Amino acid sequence: MHIQRSGVFVISALLLLTSCVSKKKYDELTGLKNRCCEEAMMLGKSKSDLEKALADSEKALAEMKAENENLEREGRRTAEDLEKCRTDMKDLASSSESKLKQTQNEARAALEALNNKEAALRKLEDELRLREARVAELEKILKDQKDAVSALKDRIAKALKGFDGSGLKVIEKNGRVYVSMDEKLLFESGKTDVSPRGREALAELAKVLGQEKDLSIMVEGHTDNVPLSGTGPIKDNWDLSVLRATSIVKIILQNPSVEPQRILPAGRGEFTPVSDNATKEGRALNRRTDIIITPRINELMDLLNGN
């Protein structure tokens, strides 16, 4: 606008001057006028270009402002996202640390449980080894006892060999030696006095029993089921079985090598028969005396009791 006003002023001035100048001056002024007009036109074009450039600049500026605003928004969102990432990272780190601590605690607890189980297993293994050792020792003692019983049975059988066929049997059963003597070898019917032949057998037996100090001896008297008759001191089969056992014990104890503490008399009466009392033969077998010889098992009992 300022440029247009300047051009018009120049042109107006030139027009005023034409009325009082020479032709030369006029021509000069006319040329000047023309140049001014050209310059004015050029200035007008420049103005238009400047206005267009200004508009373009303003448009570009607006676009830049809009882009800046977008960038600012993106920046804020990015900052918010970054802050959220930081928060998430902190939460994740805190959670991971907590889980790590929990995992470590669980691992320590599992390790402690494993150590306890290993200790318990070692203890069980030690106990098992001890038990195996005790079982082996027990088996050895039982074998030794069995061997001892067999050897004792052989010695007794050998000592009483002269009484074969006289109603005498020597057997091994349940870890014991049974010397079973029929009534006909030891007693008259209904009597408690031992016969001479029976005394001889008992004396030979006492010799073997006197040589073995670790023996327990039980003498059991047995009868058939026939009731006793008469009015003497023996009232029934109980009395008869007990008194016969006592008579035998006294004869065995005549050997001073047999201690009374090791021998026990007992009467079973008719109540543990080995045969049928309905027959004569069966009743004869039931009228017997069993001398039961048991090796003392102190070593075995000490082992079982943990001594």
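The values are calculated or read from the model by the stated rules, or taken from the named source; none is laboratory data. As the structure is a prediction and not an experimental result, all values here were calculated from the model. Reconstructed Cβ throughout: ideal geometry from the backbone, glycine too, with neighbour counts over all protein chains shown.
Couple of notes before you dig in:
- Out of GLY198, GLY167, sole residue that is assigned by TED's automatic domain parsing to the domain that holds LEU240, of a type outside the set (Lys, Arg), within 19 Å of ILE251 (Cβ to Cβ) and modelled with pLDDT of 95 or more: GLY198
- Among the residues making up the stretch 137-164, those that are farther than 19 Å from ALA206 by Cβ, surrounded by 13 or more Cβ atoms within 10 Å (Cβ to Cβ) and free of Cβ contacts under 8 Å to residues at least 60 places away in the same chain are ASP144, LYS146.
- Subset of the stretch 232-254 [within 20 Å of LEU185 (Cα to Cα) and in a loop (DSSP other than H, G, I, E, B)]: LEU253, GLN254
- Pairs where the first residue, in the stretch 169-192, is on the phi > 0 side of the Ramachandran plot and the second is at pLDDT below 95, C-beta under 8 Å, 6+ apart: GLY175/GLN145; GLY175/LYS146; GLY175/VAL149; GLY175/THR294; GLY175/PRO295; GLY190/LEU228; GLY190/GLY230; GLY190/ILE234
- Test: residue in the stretch 261-270 that is in a helix (DSSP H, G or I) and either closer than 30 Å to GLN145 by Cα or basic (Lys, Arg) (or both): yes
- Among (1) assigned to a strand (DSSP E or B); (2) modelled with pLDDT under 95; (3) among the polar types (S, T, N, Q) - the single one THR289 does not satisfy: (2)
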